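Data block below; observations after.
The values are calculated or read from the model by the stated rules, or taken from the named source; none is laboratory data. Please read these numbers as outputs of a predicted model, since none were measured by experiment. So basically every Cβ, Gly included, is an ideal-geometry build from the backbone, and we count neighbours across all protein chains shown. Accessible surface is based on the protein model in full, side chains and every heavy atom, while ligands, DNA and RNA are left aside. Shrake-Rupley method; radii C 1.70, N 1.55, O 1.52, S 1.80 Å.
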Amino acid sequence: MAEPVVGAGEVLIRVVATSINPVDDKTRQGIFGIDASVTLGWDLAGVVIGGELPVGERVIAMSHQLGTGRGTWADVVVLPVGAVVRAPESVSLVEAATLPLAGLTALQTLDWLEVGAGERLLVAGAAGAVGGIAVQVAAARGVRVDALVSREGQQVPGAELVTTDPRALTGYDAVFDTYGAFVLGAVVEGGRYASIASQAGVVPEVDGVRTANIQVREDGAGLGELVRLVDDGVVGLRVDSTFAIRDVRAAHERFGQRGLSGKVAMVF
Ligand SMILES: NC(=O)c1ccc[n+]([C@@H]2O[C@H](COP(=O)([O-])OP(=O)(O)OC[C@H]3O[C@@H](n4cnc5c(N)ncnc54)[C@H](OP(=O)(O)O)[C@@H]3O)[C@@H](O)[C@H]2O)c1
(Lines give C-alpha, C1' and ligand atoms only; values in the text may rest on other atoms or scores of the structure.)
Protein backbone atom coordinates (compact mmCIF):
# COMPACT_ATOMS: atom_id res chain seq x y z
CA MET A 1 0.00 0.00 0.00
CA ALA A 2 1.18 3.55 -0.66
CA GLU A 3 1.73 5.52 2.54
CA PRO A 4 -1.24 7.87 3.04
CA VAL A 5 -0.73 11.61 2.68
CA VAL A 6 -2.06 13.82 5.46
CA GLY A 7 -4.34 16.71 4.42
CA ALA A 8 -6.01 19.68 6.12
CA GLY A 9 -8.01 18.73 9.20
CA GLU A 10 -6.36 15.30 9.41
CA VAL A 11 -3.88 13.42 11.60
CA LEU A 12 -1.20 10.95 10.50
CA ILE A 13 -0.87 8.11 13.04
CA ARG A 14 1.65 5.29 13.37
CA VAL A 15 -0.47 2.39 14.60
CA VAL A 16 0.83 0.46 17.62
CA ALA A 17 -2.18 -1.76 18.34
CA THR A 18 -5.66 -2.59 17.10
CA SER A 19 -8.37 -5.07 17.99
CA ILE A 20 -10.75 -7.39 16.16
CA ASN A 21 -14.44 -6.54 16.18
CA PRO A 22 -17.30 -8.72 14.88
CA VAL A 23 -17.73 -6.33 11.93
CA ASP A 24 -14.14 -7.05 10.76
CA ASP A 25 -14.83 -10.77 10.79
CA LYS A 26 -18.11 -10.28 8.87
CA THR A 27 -16.42 -8.01 6.31
CA ARG A 28 -13.61 -10.57 5.85
CA GLN A 29 -16.19 -13.30 5.28
CA GLY A 30 -17.80 -11.21 2.54
CA ILE A 31 -21.12 -10.77 4.36
CA PHE A 32 -21.33 -7.11 3.28
CA GLY A 33 -20.32 -7.87 -0.31
CA ILE A 34 -17.22 -5.68 -0.07
CA ASP A 35 -14.12 -6.26 -2.22
CA ALA A 36 -11.67 -8.42 -0.26
CA SER A 37 -8.76 -6.11 -1.14
CA VAL A 38 -9.90 -3.34 1.24
CA THR A 39 -7.95 -2.62 4.42
CA LEU A 40 -9.94 -3.87 7.41
CA GLY A 41 -10.07 -2.49 10.95
CA TRP A 42 -12.07 0.04 12.99
CA ASP A 43 -9.96 0.43 16.17
CA LEU A 44 -6.51 1.93 16.63
CA ALA A 45 -4.11 3.04 19.32
CA GLY A 46 -0.90 4.68 18.21
CA VAL A 47 1.37 7.70 18.07
CA VAL A 48 0.91 10.90 16.05
CA ILE A 49 3.56 11.39 13.35
CA GLY A 50 2.04 14.34 11.48
CA GLY A 51 -0.97 16.55 10.82
CA GLU A 52 -3.07 18.56 13.24
CA LEU A 53 -2.08 17.04 16.61
CA PRO A 54 1.33 17.23 18.37
CA VAL A 55 3.87 14.71 17.01
CA GLY A 56 4.53 11.98 19.59
CA GLU A 57 1.11 12.19 21.28
CA ARG A 58 -0.38 8.80 22.22
CA VAL A 59 -3.85 8.62 20.66
CA ILE A 60 -6.80 6.32 20.02
CA ALA A 61 -9.51 6.50 17.36
CA MET A 62 -12.39 4.70 15.75
CA SER A 63 -12.52 4.72 11.95
CA HIS A 64 -15.89 3.92 10.35
CA GLN A 65 -14.17 1.51 7.98
CA LEU A 66 -17.36 0.31 6.25
CA GLY A 67 -18.50 3.84 5.50
CA THR A 68 -15.18 5.44 4.54
CA GLY A 69 -12.88 2.59 3.47
CA ARG A 70 -10.20 3.84 5.92
CA GLY A 71 -9.13 0.61 7.64
CA THR A 72 -6.93 0.76 10.76
CA TRP A 73 -5.04 -2.49 10.18
CA ALA A 74 -2.14 -0.63 8.61
CA ASP A 75 1.23 0.71 9.81
CA VAL A 76 0.24 4.30 9.08
CA VAL A 77 -3.32 5.66 8.99
CA VAL A 78 -4.82 9.09 8.23
CA LEU A 79 -7.99 10.11 10.09
CA PRO A 80 -9.99 13.32 10.58
CA VAL A 81 -8.75 15.17 13.68
CA GLY A 82 -12.31 15.11 15.08
CA ALA A 83 -12.19 11.31 15.39
CA VAL A 84 -8.86 11.17 17.27
CA VAL A 85 -8.34 11.72 21.01
CA ARG A 86 -5.50 11.44 23.50
CA ALA A 87 -5.14 7.84 24.75
CA PRO A 88 -5.95 6.90 28.36
CA GLU A 89 -2.90 7.26 30.62
CA SER A 90 -3.73 4.41 33.01
CA VAL A 91 -3.59 1.55 30.48
CA SER A 92 -1.28 0.31 27.73
CA LEU A 93 -1.89 1.13 24.07
CA VAL A 94 -2.79 -2.54 23.56
CA GLU A 95 -5.58 -2.29 26.14
CA ALA A 96 -6.60 1.13 24.80
CA ALA A 97 -6.98 -0.33 21.29
CA THR A 98 -9.94 -2.42 22.54
CA LEU A 99 -11.95 0.65 23.55
CA PRO A 100 -13.04 2.76 20.53
CA LEU A 101 -15.68 0.79 18.58
CA ALA A 102 -17.12 -1.15 21.51
CA GLY A 103 -17.01 1.90 23.80
CA LEU A 104 -18.63 4.32 21.35
CA THR A 105 -21.36 1.80 20.54
CA ALA A 106 -22.09 1.38 24.25
CA LEU A 107 -22.09 5.12 24.91
CA GLN A 108 -24.17 6.17 21.89
CA THR A 109 -26.77 3.45 22.54
CA LEU A 110 -27.06 4.37 26.24
CA ASP A 111 -27.52 8.00 25.21
CA TRP A 112 -30.34 7.02 22.83
CA LEU A 113 -31.97 4.94 25.60
CA GLU A 114 -31.83 8.01 27.90
CA VAL A 115 -31.62 5.71 30.88
CA GLY A 116 -31.04 7.63 34.10
CA ALA A 117 -30.24 7.18 37.78
CA GLY A 118 -32.67 4.87 39.57
CA GLU A 119 -34.07 3.39 36.34
CA ARG A 120 -33.80 -0.32 35.49
CA LEU A 121 -31.78 -1.43 32.44
CA LEU A 122 -31.37 -4.92 31.00
CA VAL A 123 -28.27 -5.56 28.88
CA ALA A 124 -28.57 -8.66 26.67
CA GLY A 125 -25.12 -10.06 25.79
CA ALA A 126 -23.65 -8.31 28.82
CA ALA A 127 -20.48 -10.43 28.92
CA GLY A 128 -19.49 -9.24 25.43
CA ALA A 129 -17.29 -6.30 24.48
CA VAL A 130 -20.06 -3.72 23.94
CA GLY A 131 -22.34 -5.10 26.66
CA GLY A 132 -19.57 -5.17 29.27
CA ILE A 133 -18.76 -1.49 28.77
CA ALA A 134 -22.46 -0.54 28.66
CA VAL A 135 -23.08 -2.19 32.05
CA GLN A 136 -20.16 -0.37 33.68
CA VAL A 137 -21.05 3.05 32.23
CA ALA A 138 -24.74 2.71 33.13
CA ALA A 139 -23.99 1.51 36.68
CA ALA A 140 -21.68 4.50 37.17
CA ARG A 141 -24.61 6.75 36.16
CA GLY A 142 -26.70 5.27 38.97
CA VAL A 143 -28.74 2.96 36.71
CA ARG A 144 -29.77 -0.42 38.17
CA VAL A 145 -28.42 -2.90 35.61
CA ASP A 146 -29.25 -6.58 35.07
CA ALA A 147 -27.31 -8.81 32.68
CA LEU A 148 -28.50 -11.51 30.28
CA VAL A 149 -25.56 -13.76 29.30
CA SER A 150 -24.96 -16.93 27.31
CA ARG A 151 -23.43 -19.11 30.03
CA GLU A 152 -23.71 -19.70 33.78
CA GLY A 153 -20.83 -18.32 35.82
CA GLN A 154 -19.96 -15.37 33.55
CA GLN A 155 -18.72 -12.31 35.45
CA VAL A 156 -20.37 -8.94 34.68
CA PRO A 157 -18.90 -6.14 36.83
CA GLY A 158 -21.57 -3.55 37.66
CA ALA A 159 -24.60 -5.84 37.20
CA GLU A 160 -27.01 -6.56 40.09
CA LEU A 161 -28.41 -9.75 38.52
CA VAL A 162 -26.66 -12.04 36.02
CA THR A 163 -28.88 -14.65 34.35
CA THR A 164 -28.99 -16.94 31.34
CA ASP A 165 -32.79 -17.20 31.39
CA PRO A 166 -34.71 -14.43 29.59
CA ARG A 167 -38.18 -15.77 30.51
CA ALA A 168 -38.58 -14.19 33.97
CA LEU A 169 -37.20 -10.76 33.00
CA THR A 170 -39.82 -7.99 33.29
CA GLY A 171 -40.22 -4.40 34.44
CA TYR A 172 -37.28 -2.72 32.68
CA ASP A 173 -37.34 0.94 31.69
CA ALA A 174 -34.85 0.15 28.93
CA VAL A 175 -33.25 -2.82 27.17
CA PHE A 176 -29.85 -2.71 25.41
CA ASP A 177 -29.77 -5.73 23.08
CA THR A 178 -26.37 -6.70 21.64
CA TYR A 179 -27.24 -10.00 19.91
CA GLY A 180 -30.90 -9.95 18.82
CA ALA A 181 -32.52 -11.36 21.97
CA PHE A 182 -35.64 -9.30 21.18
CA VAL A 183 -37.05 -9.65 24.71
CA LEU A 184 -39.69 -6.96 24.13
CA GLY A 185 -41.82 -8.42 26.95
CA ALA A 186 -39.19 -7.31 29.46
CA VAL A 187 -39.92 -3.59 28.86
CA VAL A 188 -42.50 -1.54 30.75
CA GLU A 189 -45.16 0.55 28.98
CA GLY A 190 -43.42 3.76 27.88
CA GLY A 191 -40.00 2.05 27.90
CA ARG A 192 -37.21 2.01 25.33
CA TYR A 193 -35.58 -0.87 23.42
CA ALA A 194 -32.38 -0.51 21.36
CA SER A 195 -30.61 -3.20 19.35
CA ILE A 196 -27.14 -3.02 17.82
CA ALA A 197 -27.42 -6.48 16.24
CA SER A 198 -27.96 -5.38 12.65
CA GLN A 199 -27.65 -8.94 11.38
CA ALA A 200 -30.65 -10.02 13.51
CA GLY A 201 -32.96 -7.54 11.77
CA VAL A 202 -35.19 -4.68 12.82
CA VAL A 203 -36.55 -4.60 16.39
CA PRO A 204 -40.21 -5.73 16.26
CA GLU A 205 -42.68 -2.90 16.96
CA VAL A 206 -44.65 -3.09 20.21
CA ASP A 207 -47.29 -0.58 21.32
CA GLY A 208 -45.99 1.76 24.00
CA VAL A 209 -42.30 0.92 23.51
CA ARG A 210 -39.89 3.20 21.64
CA THR A 211 -37.51 1.07 19.52
CA ALA A 212 -34.36 1.66 17.50
CA ASN A 213 -31.58 -0.11 15.64
CA ILE A 214 -28.45 1.88 16.48
CA GLN A 215 -25.47 2.34 14.13
CA VAL A 216 -22.23 3.58 15.66
CA ARG A 217 -20.61 6.78 14.32
CA GLU A 218 -17.20 8.46 14.67
CA ASP A 219 -17.34 10.77 17.70
CA GLY A 220 -14.24 12.33 19.25
CA ALA A 221 -16.19 13.91 22.12
CA GLY A 222 -17.71 10.57 23.08
CA LEU A 223 -14.32 8.89 22.84
CA GLY A 224 -12.87 11.57 25.13
CA GLU A 225 -15.58 10.79 27.69
CA LEU A 226 -14.70 7.08 27.49
CA VAL A 227 -11.00 7.85 28.03
CA ARG A 228 -11.90 9.77 31.21
CA LEU A 229 -14.04 6.82 32.40
CA VAL A 230 -11.09 4.45 31.87
CA ASP A 231 -8.64 6.74 33.68
CA ASP A 232 -11.15 7.18 36.54
CA GLY A 233 -11.37 3.40 36.93
CA VAL A 234 -15.06 3.29 35.94
CA VAL A 235 -14.53 1.25 32.75
CA GLY A 236 -12.16 -1.71 32.88
CA LEU A 237 -10.74 -3.04 29.61
CA ARG A 238 -10.34 -6.78 29.08
CA VAL A 239 -7.82 -8.28 26.66
CA ASP A 240 -8.27 -12.00 25.98
CA SER A 241 -5.11 -12.36 23.90
CA THR A 242 -2.59 -10.38 21.85
CA PHE A 243 -1.17 -11.38 18.46
CA ALA A 244 1.47 -9.89 16.17
CA ILE A 245 -0.15 -8.51 13.01
CA ARG A 246 1.71 -11.12 10.93
CA ASP A 247 -0.31 -13.74 12.86
CA VAL A 248 -3.61 -12.19 11.79
CA ARG A 249 -4.96 -15.59 10.75
CA ALA A 250 -4.35 -17.06 14.23
CA ALA A 251 -5.90 -13.95 15.76
CA HIS A 252 -9.06 -14.47 13.70
CA GLU A 253 -9.19 -18.13 14.66
CA ARG A 254 -9.02 -17.15 18.33
CA PHE A 255 -11.70 -14.49 17.77
CA GLY A 256 -13.98 -17.12 16.24
CA GLN A 257 -14.12 -19.10 19.49
CA ARG A 258 -17.10 -18.36 21.75
CA GLY A 259 -16.95 -17.24 25.38
CA LEU A 260 -13.66 -15.30 25.26
CA SER A 261 -12.73 -13.39 28.43
CA GLY A 262 -12.01 -10.17 26.54
CA LYS A 263 -11.02 -8.76 23.18
CA VAL A 264 -8.44 -10.07 20.73
CA ALA A 265 -5.75 -7.43 20.17
CA MET A 266 -3.08 -7.23 17.46
CA VAL A 267 0.20 -5.32 17.66
CA PHE A 268 2.37 -3.86 14.89
N1 LIG B 1 -24.79 -1.47 15.07
C2 LIG B 1 -23.55 -1.11 15.35
O3 LIG B 1 -23.11 0.01 15.09
C4 LIG B 1 -22.65 -2.12 16.05
C5 LIG B 1 -21.49 -1.67 16.69
C6 LIG B 1 -20.73 -2.62 17.39
C7 LIG B 1 -21.11 -3.97 17.39
N8 LIG B 1 -22.21 -4.34 16.71
C9 LIG B 1 -22.66 -5.75 16.71
O10 LIG B 1 -23.08 -6.03 18.04
C11 LIG B 1 -22.79 -7.39 18.35
C12 LIG B 1 -21.99 -7.43 19.66
O13 LIG B 1 -20.70 -6.88 19.46
P14 LIG B 1 -19.55 -7.17 20.52
O15 LIG B 1 -18.31 -6.55 20.02
O16 LIG B 1 -20.02 -6.87 21.90
O17 LIG B 1 -19.45 -8.78 20.36
P18 LIG B 1 -19.03 -9.87 21.44
O19 LIG B 1 -17.91 -9.35 22.28
O20 LIG B 1 -18.86 -11.15 20.68
O21 LIG B 1 -20.29 -9.98 22.39
C22 LIG B 1 -21.47 -10.61 22.05
C23 LIG B 1 -22.01 -11.25 23.33
O24 LIG B 1 -23.34 -11.72 23.11
C25 LIG B 1 -23.39 -13.04 23.64
N26 LIG B 1 -24.44 -13.81 23.00
C27 LIG B 1 -24.52 -14.17 21.69
N28 LIG B 1 -25.61 -14.92 21.49
C29 LIG B 1 -26.23 -15.04 22.72
C30 LIG B 1 -27.40 -15.70 23.18
N31 LIG B 1 -28.19 -16.40 22.34
N32 LIG B 1 -27.72 -15.62 24.51
C33 LIG B 1 -26.95 -14.92 25.36
N34 LIG B 1 -25.82 -14.26 24.98
C35 LIG B 1 -25.48 -14.34 23.67
C36 LIG B 1 -22.02 -13.61 23.38
O37 LIG B 1 -21.78 -14.74 24.19
P38 LIG B 1 -20.77 -15.90 23.62
O39 LIG B 1 -19.38 -15.35 23.67
O40 LIG B 1 -20.99 -17.03 24.55
O41 LIG B 1 -21.22 -16.17 22.20
C42 LIG B 1 -21.14 -12.42 23.77
O43 LIG B 1 -20.93 -12.37 25.18
C44 LIG B 1 -22.06 -7.96 17.12
O45 LIG B 1 -23.00 -8.63 16.32
C46 LIG B 1 -21.56 -6.74 16.39
O47 LIG B 1 -21.41 -6.94 15.01
C48 LIG B 1 -23.00 -3.45 16.05
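Each 5 Å bin from zero up to the one holding the largest Cα-Cα distance in the chain carries the following percent of pairs: 1, 6, 13, 17, 18, 16, 12, 8, 4, 2, 1, 0. In this view, the solvent-accessible surface of Asp75, computed with a 1.4 Å probe and all protein chains in place, comes to about 90 Å². Each residue of segment 110-121 was assigned a 3J(HN,Hα) from its phi angle through the Karplus curve 6.51 cos²θ - 1.76 cosθ + 1.60 (θ = phi - 60°); the sequence is 4, 5, 5, 5, 6, 8, x, 3, x, 7, 9, 10 Hz, with glycine and proline shown as x. Of the residues Asp146, Asp177, Asp24, the one that moves most in a GNM of the chain with alpha-carbon contacts below 10 Å is Asp24. Amide H contacts of Val235 (H built 1.01 Å from N, in plane; Pro and chain starts excluded): Val230 sit under 5 Å, all sequence-distant by 5 or more or on other chains.
If we sort 218-229, 114-125 on the protection proxy, mean other Cβ atoms within 10 Å, highest first, what's the order?
Numbers: 218-229: 18.2, 114-125: 20.2.
Peptide ranking by packing, descending: 114-125, 218-229.
Accessible-area rank, largest first, for Trp112, Trp73: Trp112, Trp73, with all protein chains present and a 1.4 angstrom probe. For Val59, the residues whose modelled amide H falls within less than 5 Å of its own, excluding neighbours fewer than 5 places apart on the same chain, are Gly46, Val47, Val48, Ala87. Derived scalar couplings between HN and Hα for segment 75-92 equal 4, 10, 10, 9, 9, x, 4, x, 9, 10, 9, 4, 6, x, 8, 8, 9, 6 Hz in order, rounded to whole Hz, by the Karplus curve 6.51 cos²θ - 1.76 cosθ + 1.60 (θ = phi - 60°), x for Gly and Pro. Measuring with a 1.4 angstrom probe and ignoring ligands and nucleic acids, Val239 comes out at about 50 Å² accessible.
Only helical runs count toward this figure. For the chain, summing -39,500 (n - 2.57) over DSSP H runs of n ≥ 4 and dividing by all residues gives -6500 deg cm²/dmol at 222 nm.
A simple spin-label model places pseudo-atoms 7 Å from Cα toward Cβ; at Val55 and Asp232 they are separated by 3.6 nm.
Work through the residues other than Phe268 whose Cβ is under 11 Å from its Cβ and net out their charges, Lys, Arg +1 and Asp, Glu -1. Intermediate results must be reported in sequence, preceding the final value.
On the way: positive: Arg14, Arg246; negative: Asp75.
Residues near Phe268 contribute +1 overall.
Roughly speaking, what % of Cα-Cα pairs in segment 102-213 are separated by over 17 Å, rounded to a whole number? I get 45 percent for the Cα pairs in segment 102-213 exceeding 17 Å.
Backbone amide hydrogens, once placed in the peptide plane, bring Val209 within less than 5 Å of Gly190, excluding anything fewer than 5 places away on its chain. The residues Ile214, Ile34, sorted by heavy-atom accessible surface at 1.4 Å with ligands and nucleic acids left out, run Ile34, Ile214 from largest to smallest.
Ranking His64, His252 from most to least accessible surface, computed with a 1.4 Å probe over the protein chains only, gives His64, His252.
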